[in-house]
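Notes for the one structure printed next.
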Amino acid sequence: MSISEKVIIITGASSGIGAATVKVLAQQHAKLVIGARRLERLESLKQALPNATIVPQQVDVTNYEDVQALVQTALDRFGRVDVFYNNAGIMPVNAMSVGARDEWQQILDVNVTGVLNGIAAVLPTMIKQQHGHILATDSVAGHIAVPDHVVYSGSKFAVRAIMEGLRQEQYQNNIRTTLISPGSVATELYQSIADKTHQQAEIDIEKQLGIGPVNIAQAVAFAINAPESVAVNEMVIRPTKQA
Ligand code: NDP
């Protein structure tokens, strides 16, 4: 199946890695259903790509009904779903001693429950199709715990475990899984850091080190474009000079 025939759902498509992935896949003529909370950003992305097939839809990934509706839109419009990319995520930063329990819950809701909602919403369709590809944006922080990012790291370790377990359960149904683990990427992710000192530190790191979201988008496109018999299960993409 060529990429131009593929129906691809992307969450967290309103900025950063998700928006860059929309642009890269639109150039390859994929059929895209894109979700995030900021509908106006999704609409602007569609307007900036007038020749592309893009269906924007407001979605909060923590709300299962929203995610189900996103999958239903793809089915109503195109009759199937080939790829679901769980990309939405947030990264509040604080030392554990601060005890920011609300932030911890928010991280788990978006980064873990959000991914589970995506999987739950799309899996029955992919099993029925005996064909599909589920991706998730993890992080280098999902491989190595990072001080001040401990709960974020924990959420991304969980995503890695979930995606590997999903692979083991679903490969016989011809469902591929891909975990994308970026290092530092210059996006708007720092906006979810409420603590101003931590936020500035993150902005400084991204300015000094961060690679562009397009570099991650190209890795996503590579995994999606691999032949059906090839599952690119994991990719770690760091800036060359990141430790
Ligand atoms: P951005 O902040 O630019 O993008 C995050 C996206 O997630 C936005 O489109 C945002 O849209 C969406 N989002 C956040 N919360 C929700 C929600 N509840 N429901 C639906 N969408 C939501 O950052 P990135 O592009 O960097 O982040 C994308 C992914 O990459 C995340 O999973 C992040 O953890 C991961 N990552 C990023 C790294 C980096 O250095 N930038 C490094 C490693 C991993 P909206 O606000 O409109 O809902």
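One table, with the values for the structure above:
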item: Distant-in-sequence amide H partners of Ser181 (H built 1.01 Å from N, under 5 Å); result: Asp138, Met235, Val236, Ile237
item: Residue list for the range 132-175, given a label point 7 angstrom along the Cα-to-Cβ vector of Asp204 and an amide N cut-off under 20 Å; result: 146-150
item: Alpha carbon centroid spacing (whole Å) that separates the range 47-66 from the range 90-133; result: 18 Å
item: Backbone N under 15 Å from the Asn233 label point (7 Å along Cα→Cβ), restricted to the range 117-147; result: 134-136
item: Gaussian network model of the chain, Cα within-10 Å springs - most flexible of Gln47, Gln199, Gln57; result: Gln47
item: Interchain or long-range residues, amide H under 5 Å from Ala194's placed H; result: Val93
item: Per-residue ³J(HN,Hα) for the range 135-144, Karplus 6.51 cos²θ - 1.76 cosθ + 1.60, θ = phi - 60°, Hz, x for Gly and Pro; result: 10, 9, 8, 9, 5, 4, 5, x, 10, 9
item: R0 of 35 Å, Cβ-Cβ distance Gln242-Ala95: FRET efficiency to nearest 0.05; result: 0.95
item: In the range 3-237, lysine pairs with alpha-carbon atoms under 29 angstrom apart (chain gap of 8 or more, or interchain); result: 17
item: Hz values of 3J(HN,Hα) by residue in the range 145-153 - Karplus curve (6.51, -1.76, 1.60), Gly and Pro given as x; result: 5, 10, x, 6, 10, 5, 6, 4, 4
item: Alpha-carbon Rg with Dmax, taken over the range 27-95, Å; result: 13.4, 46
item: From phi via Karplus (6.51, -1.76, 1.60), per-residue ³J(HN,Hα) for the range 197-208 in Hz, x at Gly/Pro; result: 5, 5, 5, 5, 4, 5, 4, 4, 4, 5, 5, 6
item: Among Ser14, Ser192, Ser181: highest mean-square fluctuation, GNM of the chain, C-alpha pairs under 10 Å; result: Ser192
item: Amide H within-cut-off set for Thr53, under 5 Å, with H built and near neighbours excluded; result: Leu32
item: Spatially proximal aspartates and glutamates relative to Lys241 (Cα-Cα < 13 Å; intrachain offsets below 8 disregarded); result: Glu206
item: Label point at Ala48 placed 7 Å out along Cα→Cβ; residues across the range 70-99 whose backbone nitrogen lies under 19 Å; result: 87-89
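Values quoted throughout were computed directly from the atomic coordinates according to the rules given, and no laboratory measurement underlies them. Computed from a predicted structure; not experimentally measured. Please note: Cβ atoms are built from the backbone with ideal geometry, for glycine as well, and neighbour counts cover all protein chains shown.
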